Amino acid sequence: MKICIRFLLILLLIICPIYNVGAGSLTLTPKQKAIEKAGDIVSVALPLSAFSLIWLKKDKYGATELIMSLASTVAVSEILKQSIDKSRPDGSDHDSFPSAHTAVAFSAAVFIQKRYNWKYTLAAWVGAGFVGYSRWYSKRHYAIDVAAGALIGTVCGFICTTPRVNNNITVDMFSDNSTCSIRINKEW
């Protein structure tokens with residue numbers, strides 16, 4: 001349980017800095033505001049979904065890979081944001097390139113696909129695509145910013161994630177002062 005809480009705190013520390021709470025200078029329609037908010041929610045839900053899979057599958061090594069994937073994604077995105085002075089379509093600031101929300105969403109989708117195979121992938125990819133669309137539709141990013149974010153998240157996710165080898169066999173060893181035992185368990 002301590003590992004879960006520690007991992008969740010690290011995950012939040014990595015993701016939270018990309019969320020700018022300042023409002024843009026353009027007035028958004030209610031539909032644009034709703035889509036932007038939904039995209040923000042999905043961009044957090046995807047890494048949390050990846051964390052849930054890690055927790056359900058008791059995949060400690062996967063936790064390290066997800067942290068590395070998200071941390072490298074945020075680092076590359078933030079370095080580019082600070083290096084490239086590109087104003088947002090809404091004029092709110094000069095941090096348009098690349099879209100960090102999109103990058104994080106795609107990084108989580110790649111992690112889910114590569115680590116846990118195609119069983120959980122469709123929803124993750126649709127969610128990541130929606131995050132990118134929401135950033136463009138709400139005038140927070142240009143299409144090239146979203147595409148760059150998707151590319152950064154995809155590349156970081158593929159570099160940092162390895163497929164999980166799961167043969168469903170666990171081996172546990174127990175001992176006390178007088179005995180030693182081994183338990184082998186196979187899940188079907």
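The values are calculated or read from the model by the stated rules, or taken from the named source; none is laboratory data. Just so it is clear, the model here is predicted, and its values are computed rather than measured. Using ideal geometry, Cβ is built from the backbone for each residue, glycine included, and neighbour counts are taken over all protein chains shown.
Considering only the stretch 135-147, state which residues are among the hydrophobic types (A, V, I, L, M, F, W, C) and buried (at least 22 other Cβ atoms within 10 Å of the Cβ). Selection gives Val146 alone.
Taking the listed residues Thr162, Thr154, the one that is surrounded by 14 or more Cβ atoms within 10 Å (Cβ to Cβ) and either modelled with pLDDT of 95 or more or under 22 Å from the mean Cα position of the chain (by Cα) (or both) is Thr154, with no other qualifying. Residues that are closer than 15 Å to Arg164 by Cβ and of a type in the set (Val, Ile, Thr) within the stretch 44-76 comprise Ile54, Thr64, listed in sequence order.
Inside the stretch 66-91, can you point out the residues that are out of contact with any Gly (no Cβ under 9 Å at 6 or more places or on another chain) and among the acidic types (Asp, Glu)? Result: Glu78, Asp85.
Suppose we filter Ser83, Ser87 for residues that are free of Cβ contacts under 8 Å to residues at least 40 places away in the same chain, touching a His at 6+ places or on another chain (Cβ under 6 Å) and surrounded by fewer than 19 Cβ atoms within 10 Å (Cβ to Cβ); which single one remains?
After ruling out the rest, the residue left standing is Ser87.
Here are Val131, Val126, Val76, Val104: which of them is over 12 Å from the mean Cα position of the chain (by Cα), under 24 Å from Gln32 (Cβ atoms) and aliphatic (A, V, I, L, M)? Result: Val126 is the single residue among Val131, Val126, Val76, Val104 that is over 12 Å from the mean Cα position of the chain (by Cα), under 24 Å from Gln32 (Cβ atoms) and aliphatic (A, V, I, L, M). Looking across the stretch 30-76 at every residue that is farther than 16 Å from Gly129 by Cα and among the β-branched types (Val, Ile, Thr), the one that is surrounded by the fewest Cβ atoms within 10 Å (Cβ to Cβ) is identified as Thr64. Note on the stretch 126-168: residues that are touching a residue at least 60 places away in the same chain (Cβ under 8 Å) and either in contact with a strand residue (DSSP E or B) (Cβ under 6 Å, 6 or more places away or on another chain) or acidic (Asp, Glu) (or both) total 0.
Restricting the first member to the stretch 21-37 and to residues that are hydroxyl-bearing (Ser, Thr, Tyr), and the second to residues that are modelled with pLDDT under 80 and surrounded by 10 or more Cβ atoms within 10 Å (Cβ to Cβ), no beta-carbon pair is closer than 8 Å while six or more apart or on different chains.
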